[in-house]
Amino acid sequence: MTISQKLSEWSRRLADAQSAISQVQKFDAELRERYRTAKAARDRIANLPGPPQEVLENLRAIVSARARKWGEDEMNSLVRHLAPGLRTNLEGGVTQPRPSLPDNWVQLNLTLADVAALFPGLVLDRLKELVLSSAYEAGPPAADRNAALEKADREIAEAEAQHSQLVDAAAALTPPIALELLPEVKERRATEAVRARREADADARRREVESAADTAVRRQTWARSPYLEKG
């Protein structure tokens with residue numbers, strides 16, 4: 001083979017190697033993007049509010065419960081103010097208090113829950129109008145959210161596993177192709193390596209202690225041996 005032919009062969013091999021590296025890097029980028037997309041989808045599933053129908057169902061339940069509880073708590077005070085019983089003074093006289101509204105019901109620091117308890121119909125109508133008129137991005141209903149999260153977690157785990165396999169396989173080539181692990185995988189492997197070293201160190205120390213204790217026991221046994229004493 002002439003020098004020219006050798007150069008041509010080496011050039012072809014180099015081009016093949018560069019093409020292989022380019023393909024590996026392209027696959028690495030694709031898997032990274034797939035992983036990022038799956039993570040973003042999971043975050044949206046977990047964090048987005050429920051659809052309008054679910055919002056309205058919860059609104060009706062909360063306002064109804066608040067109004068019912070407020071009525072139960074305040075009804076006794078209300079009827080006693082509006083139809084008070086007779087009162088007897090110190091001299092034994094009887095007076096008839098004038099009907100009135102409770103003075104302590106309305107305070108300056110009213111919350112929306114307080115207003116909903118007082119005017120449930122008005123609050124429901126107004127908040128329903130706001131919910132239906134807003135074009136917010138909704139996530140899945142609460143009944144479907146766990147299943148959607150489990151599916152997203154499986155997609156994340158699959159993308160993560162495939163990318164880790166690619167990184168490990170590329171590192172085992174001759175010559176190796178260096179690719180970065182996903183940040184979460186890199187951190188997890190580092191944590192596992194530290195834990196493995198600690199467990200190995202603890203196991204080594206345990207064996208040293210056991211060996212030292214065993215040696216001490218043998219020495220004591222030898223020291224008390226009748227054969228040694230007779231000798």
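Below, the figures for the structure above:
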| item | result |
| --- | --- |
| The chain - charge dipole about Cα centre, Lys and Arg +1 at Cβ, Asp and Glu -1, debye rounded to 20 | 700 debye |
| Computed label-point distance, nm, for sites ALA204 and LEU112 using a 7 Å Cα→Cβ extension | 6.1 nm |
| Whether segment 68-138 is rounded, prolate or oblate, judged on the alpha carbon gyration tensor where a/c under 1.5 counts as rounded | prolate |
| Loop-exposed chymotrypsin sites (Phe, Trp or Tyr not before Pro) per DSSP, neighbour cap 16 Cβ within 10 angstrom, longest uninterrupted part of the chain | 1-104 |
| In segment 21-96, the GluC sites (Glu not before Pro) that fall in loop regions by DSSP, at most 10 other Cβ within 10 Å | GLU91 |
| Range of Cα positions in segment 10-121 per principal axis (Å), largest first | 122, 27, 17 |
| On Cα atoms only, tilt of 183-223 relative to the major axis of the chain in degrees | 70 degrees |
| Computed [θ] at 222 nm, deg cm²/dmol, the chain (DSSP H ≥ 4; -39,500 (n - 2.57); rounded to nearest 500) | -26500 deg cm²/dmol |
| Cα-based radius of gyration of the chain once divided by 2.2 N^0.38 Å, which approximates compact folds | 2.25 |
| Estimated inter-spin distance, ARG13 and ARG145, nm [label 7 Å along Cα→Cβ] | 6.0 nm |
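Each reported figure results from applying straightforward, stated rules to the coordinates on display, with no laboratory input. The structure presented is a predicted model; accordingly, all values stated were derived computationally and were not measured. Because the Cβ atoms are built from the backbone with ideal geometry, glycine has one as well, and the counts that use them run over all protein chains shown.
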